[in-house]
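Structure record follows, encoded as structure tokens.
The values are calculated or read from the model by the stated rules, or taken from the named source; none is laboratory data. Computed from a predicted model, the values in this text were never measured in an experiment. A quick note on method: Cβ atoms are made from the backbone with ideal geometry, for glycine too, and the neighbour counts reach across all protein chains shown.
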Amino acid sequence: MTLQEVNLTLIGIPYATLLGAVGIKLVIENNPSHWKWAFYVLGAFSILYAIVVGVFTFSEFNFITGITLSFYILGGLLLLIFTYRFLDRKFIYQSCELNSIIKDFTSDADRNEIKLFGGDLNFLGNSVLEMNNNAQYIDLRASNFTKVSILCVEPANADTRTRYGKILHDLPVTEFRFYKPQHADLLIRGRLKKLQGVDKLLIYNKLGAGRYQLILTDTSNSNGALYNNIWNLIWSLATILDVDQKNELLASFMH
């Protein structure tokens, strides 16, 4: 094997090692990252490099060089496919796209409990009529969870009380707790479920009108564990409704 062929073989080893480690980290964390472009560039460069070397060394071409350049082309193609499949994920969604994602997230959950959090729950509809036609709310009712835990803000008006009362009427297994956003607001919206006993989170953060950033993670990930711990902390500090308060919410809906 010539020195040129040895260089062709060895030149990619340190880069492959570095990006392999970064790739594993990105797949595990499942968060948006601009590192994906490094994988795209390296994959494209690997293919282009092999083609250029093959053209300029065609007169000296031999079996070993051909195998080496073939591996560069194959490796580049596999890297592009890997990046597209595992790293170039979509994290920004329009509001109309959320319903199917949330439904898919909920569909395979253990049925013992589902946790919802965020604001005044207007993502389930701004009125009773809207709730009756809201895809997320319809799916939640049909899922038949043993317990529904909802962390939200205290109702500030009659419409919100009516909506909360409807949830208690339609889903008697619901437990509301009210947090004070001026003291402790998650600043995010989402759901927590258990899948075969493992806590998983679907978090969506509003970026602008009708645009949301979604993160799907679990407690094996450091960020997922942090979000889960924050939820548990705020849940433990939130206001627990007594029987009279629940009845008042129910009455708001019934009347």
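List of remarks:
- Taken as a whole, the condition of being modelled with pLDDT of 95 or more and over 17 Å from residue 201 (Cα atoms) does not apply to residue 83.
- Qualifying residue in the stretch 62-77 (condition: within 19 Å of the chain's Cα centre (by Cα) and either under 30 Å from residue 161 (Cα atoms) or modelled with pLDDT of 80 or more (or both)): no
- Exactly one residue out of 97, 130 is within 26 Å of residue 192 (Cβ to Cβ), more than 23 Å from the chain's Cα centre (by Cα), part of a helix (DSSP H, G or I) and of a type in the set (Asp, Glu): that is 130.
- Criterion (touching a Ser or Thr at 6+ places or on another chain (Cβ under 9 Å), assigned by TED's automatic domain parsing to the domain that holds residue 121 and modelled with pLDDT of 85 or more) met by exactly one of 211, 163: 163
- Criterion applied to 181, 155 was being closer than 19 Å to residue 242 by Cα and either buried (at least 18 other Cβ atoms within 10 Å of the Cβ) or modelled with pLDDT under 95 (or both), and the one residue passing it is 155.
- Within the stretch 223-248, the residues that satisfy the criterion of being exposed (fewer than 11 other Cβ atoms within 10 Å of the Cβ) and either at positive phi or not β-branched (Val, Ile, Thr) (or both) are 236, 242, 244.
- Every listed requirement among (1) part of a strand (DSSP E or B); (2) touching a Leu at 6+ places or on another chain (Cβ under 6 Å) is met by residue 235 save one, (1).
- Residue in the stretch 18-30 that is over 28 Å from residue 203 (Cα atoms) and at pLDDT below 75 present: yes
- So residue 115, is it closer than 28 Å to residue 252 by Cα and charged (D, E, K, R): yes
- Within the stretch 188-203, the residues that satisfy the criterion of being among the basic types (Lys, Arg) and either crowded, with 18+ Cβ neighbours inside 10 Å or not in a strand (DSSP E or B) (or both) are 189, 191, 193, 200.
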